[in-house]
Amino acid sequence: MVRPVRRVVIVGGGTAGWLTAGVIAAKHRSRMPAGFSVTLVESPNVPIIGVGEGTWPTLRSTLARIGVSETELFRECDAAFKQGARFARWTTGADDDSYYHPLMLPQGFMQLNLVPHWLAEGGDRSFCDAVCPQGRICDDGLAPKTIATAEFDAVANYAYHLNAGKFAPFLQRHCCAKLGVRHVLADVRRVNQSEDGDIRSLETEQAGEIEGDLFIDCTGFKSLLIGETLGVKFKECSDVLFCDTALAVQVPYESDASPISCHTTSTAQSAGWIWDIGLPTRRGLGYVFSRRHISDDEAERELRRYMGSAGQDLPIRKIGIRSGHRETFWKRNCVAVGLSAGFLEPLESSAIVLIEMSAKLIAEQMPVCREVMDVIGARFNATTHYRWGRIIDFLKLHYVLSKREDTAFWRDNRLPETVPERLQDLLLLWKHQAPWFHDEFDRIEEVFPAASYQYVLYGMGFRTEVEPDALSSDASLAERAMRENAMQTERLRAGLPRHRDLIRSIHERGLQAV
Amino acid sequence: MSASITNLELLSSESHRHLRLRPASSERPHFVQIITGEFAMAAASCPVLFTKEAATGTFFAGAMFAFKPGESFLHEEGDRGNGFIPLSLQRDGFFIAGEQIAIDRNSSRFSETEGEPLFDGTNQPGIGLRRIQRALGQLKAGLDATDRFIRTLAELKLIEPIDIQLNFDTGGERLTLQGLYTVSLDGLRTLSDSAAGRLLRAGYLQHAYTMSASLEQLPVLARLRDQAIRRTLSAS
């Protein structure tokens with residue numbers, strides 16, 4: 001007898017839980033009258049951690065698919081635009097050492113790879129500025145669109161900075177009011193399993209027994225289902241990524257007219273880095289560091305030095321970080337999404353994008369019956385393993401490329417035994433061939449596209465050998481692309497509004513849906 | 001319309017006693033804002049579309065007389081425009097200032113020597129001025145009504161972007177028009193009965209279909225443009 005999968009039960013009401021609920025419910029809405037249901041069980045007593053405030057541009061299409069309004073996102077979640085990240089002091093540690101990892105692709109990226117052409121002309125000017133307008137737009141403090149651009153449309157590619165504490169309740173309201181998600185406020189007392197090991201139901205304190213066919217673990221670090229119940233082990237990666245603690249603080253603006261940065265700033269310190277994220281209401285700062293290299297007190301002093309005279313008395317919150325992920329993400333009829341699946345330092349805002357990708361994969365491949373679930377689960381695991389691996393590689397890349405010698409933290413980060421083998425191979429390959437549409441990126445929907453690797457590599461002074469003779473066939477095309485980039489840069493700098501002005505305008509008038 | 005800096009003054013029969021009114025410029029901007037009350041007449045000669053005000057992002061409706069600024073082929077053809085002159089052109093040089101009328105003294109419509117007097121011998125508005133007062137009145141009420149129409153359409157998600165690509169025989173020119181919007185017929189078809197009823201009672205359904213039908217004027221406008229260009233080419 002076929003056992004249909006109709007009742008999806010999500011445990012945990014943070015960003016992961018509500019995003020997953022929204023993506024699944026939006027995709028399967030038409031099946032609901034015939035008995036398909038999405039239930040989210042949330043403890044009324046467990047506080048939400050609210051992972052990172054940075055996101056990827058994928059969130060735009062995810063939110064559009066769920067059906068929320070971008071205007072309301074800005075009004076209700078203190079959202080701001082994010083056009084990439086500026087990395088300061090990562091390469092040499094000098095005062096003028098910085099580069100951008102923007103969100104726009106290099107000019108003509110689909111047709112040609114500009115890296116060798118840029119290198120052939122000497123590689124002296126900033127790679128980002130040579131191939132893309134976004135670094136300059138960020139320098140100018142401009143927004144990536146205008147008030148006449150439709151919701152979720154971009155003039156320059158963008159993601160968001162947002163108040164994670166407001167984002168989950170925002171999604172919750174939409175999921176319950178518009179998408180038919182059932183919200184149950186109850187503490188899970190016991191997880192009941194059937195004889196074969198599947199999860200059969202949740203016994204709750206306030207709402208009795210809740211049965212389900214597919215359970216999604218969004219319980220955060222607790223990992224109630226995948227870890228505690230099904231015993232899937234956690235795989236640390238602190239041998240590759242050393243940071244294990246964060247000190248976070250919220251800093252008010254001088255005035256409500258102060259400019260809002262339109263990018264994340266990540267400034268390298270003695271044993272880690274400080275994030276600096278501008279929301280319309282405040283800045284969020286945090287020092288992510290390795291306790292193996294400095295003490296909490298030293299870290300706090302560095303953070304306070306970064307903050308300057310402003311807010312020396314502001315309270316600092318300490319958050320433990322355990323870098324790594326589950327050995328398996330989908331086991332039996334349970335799949336982990338969000339912190340229950342794993343966590344990595346927020347250097348490239350990978351937390352929410354991984355939630356989106358996992359939720360989309362579950363929604364699109366939703367098993368029709370229990371009999372096919374293991375096949376889909378195995379696929380999910382293969383894809384998700386690949387993604388975590390690529391994120392770890394990409395984060396490590398930032399450390400490996402650093403030339404800093406000033407502290408053990410930076411020197412240790414370059415020890416070969418701390419660098420994943422695959423990344424070592426790629427670094428070898430990239431000495432002779434710049435990353436582009438080559439086979440090292442073999443999965444659709446990469447977390448970080450080849451363009452991201454280009455921006456970080458060449459932003460940090462990495463050099464690839466070029467053979468000028470091999471470039472001549474594309475030389476005029478490349479020249480045109482760079483010229484077009486210079487023109488587009490000036491056009492956008494002249495036409496885009498200031499970041500705070502646009503946000504104010506969105507609050508007052510709203511963006512049109514089309 | 002005058003491109004020079006405006007110099008607004010409140011209209012008064014005292015200080016503007018000697019002022020004369022010249023006809024509105026025959027030049028047509030390529031896209032002119034209109035009100036719903038003008039839709040039917042406009043649609044008889046040109047496409048009626050929505051576009052966004054750059055500064056605010058809000059929609060307004062307009063009559064499209066040409067595809068590019070500075071072009072105007074519609075009216076060369078023995079005035080195929082059927083004499084349709086949008087209110088916002090009729091009132092050129094005149095503005096609403098609260099309960100009063102203001103004029104742009106720099107507008108070419110005003111002269112001390114040419115045209116009909118603004119005021120008659122008894123300091124009463126002349127025929128020309130009275131016509132403009134009427135136009136301003138219609139415009140004021142009409143713009144509010146049109147805003148309500150547009151807001152209702154936007155709320156019901158009935159506005160959709162339309163990308164217009166035109167290939168011209170002459171010279172192989174290709175024009176892409178962006179930033180234009182029209183009524184979504186798919187959206188209208190899937191409206192609930194209550195929403196459709198609301199639109200019908202408000203008279204909005206008729207405006208919506210008028211806009212949609214006016215898209216048939218696009219190929220007509222393209223053909224006129226093509227012919228005009230060919231005439232210019234053969235004449236030179």
| Among residues other than A:Gly227 whose Cβ falls under 13 Å from its Cβ, what is the net charge (Lys/Arg +1, Asp/Glu -1)? | +3
| query | About the Cα centre of region B:1-45, what is the dipole size in debye to 20, counting +1 per Lys and Arg Cβ and -1 per Asp and Glu Cβ, all else neutral? | reply | 160
| field | Long-range HN-HN contacts of A:His161 with modeled amide H, under 5 Å | value | A:Ala80, A:Phe81, A:Lys82
| note | Given the candidates A:Thr92, A:Trp118, A:Ile24, the one whose Cα lies deepest towards the positive end of the charge dipole of region A:24-127, counting +1 at each Lys or Arg C-beta and -1 at each Asp or Glu C-beta, is A:Ile24
| message | To make sure I understand, if each residue's beta carbon is the centre and we count other beta carbons within 10 Å, what order do B:Ser72, A:Ser309, B:Ser88 fall in, fewest to most? | response | A:Ser309, B:Ser72, B:Ser88
| task | Within a 10 angstrom radius of each residue's Cβ in B:55-64, how many Cβ atoms of other chains show up on average? Whole number is fine. | result | 3
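Assign unit charges at the C-beta atoms only (+1 for Lys and Arg, -1 for Asp and Glu), then state the dipole size of region A:36-109 relative to its Cα centre in Debye, rounded to the nearest 20.
Numbers: 6 positive and 9 negative charges, 52 e Å.
So the dipole magnitude of region A:36-109 works out to roughly 240 debye.
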| note | region B:50-74 and region A:199-244 have their Cα centres apart by a whole-number Å value of 56
| Lys/Arg Cβ at +1, Asp/Glu Cβ at -1, dipole of chain A taken about the Cα centre: which of A:Met460, A:Tyr160, A:Val2 is farthest positive-ward? | A:Val2
| the protein assembly as shown: D in µm²/s via Stokes-Einstein (Kirkwood Rh, Cα pairs, 37 °C, 0.692 mPa s)? | 109
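What list do you get for B:Phe65, A:Phe109 if you sort them by fewest beta carbons within 10 Å?
Working: B:Phe65 24, A:Phe109 19.
Going from sparsest to densest Cβ surroundings: A:Phe109, B:Phe65.
Fewest Cβ neighbours within 10 Å first, please rank A:Ser472, B:Ser108, B:Ser12, A:Ser266 accordingly. Write down the numbers at each step before the final one.
Working: A:Ser472 9, B:Ser108 16, B:Ser12 13, A:Ser266 24.
By the 10 Å Cβ count, ascending, the order reads A:Ser472, B:Ser12, B:Ser108, A:Ser266.
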| query | Using the Kirkwood radius built from alpha carbon pairs, what does the Stokes-Einstein equation give as D for region A:365-484 at 37 °C and 0.692 mPa s, in µm² per second? | reply | 191
| field | Structure-based [θ]222 nm, chain B - -39500 (n - 2.57) summed over DSSP H runs of at least 4, per residue, nearest 500 | value | -11000 deg cm²/dmol
| query | Based on Cβ point charges of +1 for Lys and Arg and -1 for Asp and Glu, what charge dipole magnitude is obtained for region B:17-132 about its Cα centre, in debye rounded to the nearest 20? | reply | 160
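Provide the net charge surrounding B:Ile127, with neighbours chosen by a C-beta distance below 9 Å and charges set as Lys +1, Arg +1, Asp -1, Glu -1.
On the way: positive: B:Arg130, B:Arg131; negative: B:Glu116, B:Asp120.
Residues near B:Ile127 contribute 0 overall.
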| Given H placed on each backbone N at 1.01 Å, which residues far from B:Phe31 in sequence or on other chains put an amide H within less than 5 Å of it? | B:Phe65
| query | Restricting attention to region A:441-514, which trypsin sites (Lys or Arg not before Pro) occupy a DSSP loop and are surrounded by at most 15 other Cβ atoms within 10 Å? | reply | A:Arg443, A:Arg463, A:Arg509
| task | Give the long-range amide H neighbours of B:Ser108: residues separated by 5 or more places, or on another chain, with amide H under 5 Å away, using H modelled in the peptide plane at 1.01 Å from N. | result | B:Ser2
| note | For the protein assembly as shown, the charge dipole (Cβ of Lys, Arg +1; Cβ of Asp, Glu -1; about the Cα centre) points to a positive end, and the Cα of A:Ser290, A:Ile66, A:Phe234 closest to that extreme belongs to A:Ile66
| request: Give a residue-ordered list of calculated ³J(HN,Hα) values for region A:149-154 (Karplus: 6.51 cos²θ - 1.76 cosθ + 1.60, θ = phi - 60°; whole Hz; x for Gly, Pro). | output: 7, 5, 3, 6, 7, 10
| request: Compute the normalised compactness of region A:22-159: alpha-carbon radius of gyration over 2.2 N^0.38 Å, N being the residue count. | output: 1.41
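Every number in this text was worked out from the coordinates using simple rules, so none of it is lab data. Here the structure is a predicted model, which means the values were calculated and not measured. All Cβ positions, glycine included, derive from the backbone under ideal geometry; neighbour counts span all protein chains shown.
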